[in-house]
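The next block holds one structure in the form of structure tokens; read it before the comments.
The values are calculated or read from the model by the stated rules, or taken from the named source; none is laboratory data. The model shown is predicted, which means the values in this text are computed figures rather than measured ones. Here the Cβ is made from the backbone with ideal geometry for all residues, glycine too, and neighbour counts use every protein chain on show.
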């Protein structure tokens, strides 16, 4: 059974649990990047779904692009084949492609994300 790690750091993260279940994907939900990294060490997911938050000012110590940098470095080590789907606000879309330098992203979806868009991406990734 395919596995998916949902990193839910904000209330704007859509709940696609029904879609994951319908597609036969086992979802694990975590609320922080720290917990996501810990989860990687015990189980390498097939998919990761997370929101992108650009690191304005010194929110992320001034050296990282976003909330996902450290997680993607860990993903390189523990689950390099995982397909990462990033959801991003329109105002931050111009920054998200910088993450491809760390680990190529499977897809970037602009918020609000429709369930059909997520389902189509996951179906394509399962083939």
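Taking residue 112, is it at pLDDT 90 or above, in contact with a strand residue (DSSP E or B) (Cβ under 7 Å, 6 or more places away or on another chain), in a loop (DSSP other than H, G, I, E, B) and under 16 Å from residue 8 (Cβ atoms)?
Values: at pLDDT 90 or above: yes; in contact with a strand residue (DSSP E or B) (Cβ under 7 Å, 6 or more places away or on another chain): no; in a loop (DSSP other than H, G, I, E, B): yes; under 16 Å from residue 8 (Cβ atoms): yes.
Against the criterion (at pLDDT 90 or above, in contact with a strand residue (DSSP E or B) (Cβ under 7 Å, 6 or more places away or on another chain), in a loop (DSSP other than H, G, I, E, B) and under 16 Å from residue 8 (Cβ atoms)), residue 112 does not qualify.
Would you confirm, using the coordinates I've provided, whether residue 103 is part of a loop (DSSP other than H, G, I, E, B) and either in contact with a strand residue (DSSP E or B) (Cβ under 8 Å, 6 or more places away or on another chain) or in contact (Cβ under 8 Å) with a residue 40 or more places away in the chain (or both)? Even if it seems obvious, please write down each step before you answer.
Details: part of a loop (DSSP other than H, G, I, E, B): yes; either in contact with a strand residue (DSSP E or B) (Cβ under 8 Å, 6 or more places away or on another chain) or in contact (Cβ under 8 Å) with a residue 40 or more places away in the chain (or both): yes.
Yes.
Being surrounded by 14 or more Cβ atoms within 10 Å (Cβ to Cβ) and without any contact (Cβ under 8 Å) to a residue 40 or more places away in the chain narrows it down to one residue among 92, 27, 51; which is it?
None of the other options fit; the residue is 27.
Somewhere in region 91-98, is a residue modelled with pLDDT of 90 or more and under 28 Å from residue 1 (Cα atoms)?
No, because not a single residue in region 91-98 is modelled with pLDDT of 90 or more and under 28 Å from residue 1 (Cα atoms).
Identify the residue in region 61-76 that is touching a helix residue (DSSP H, G or I) at 6+ places or on another chain (Cβ under 9 Å) and either more than 12 Å from residue 102 (Cβ to Cβ) or part of a loop (DSSP other than H, G, I, E, B) (or both) and, among all such residues, is modelled with the lowest pLDDT.
Filtering first and then ranking leaves 63.
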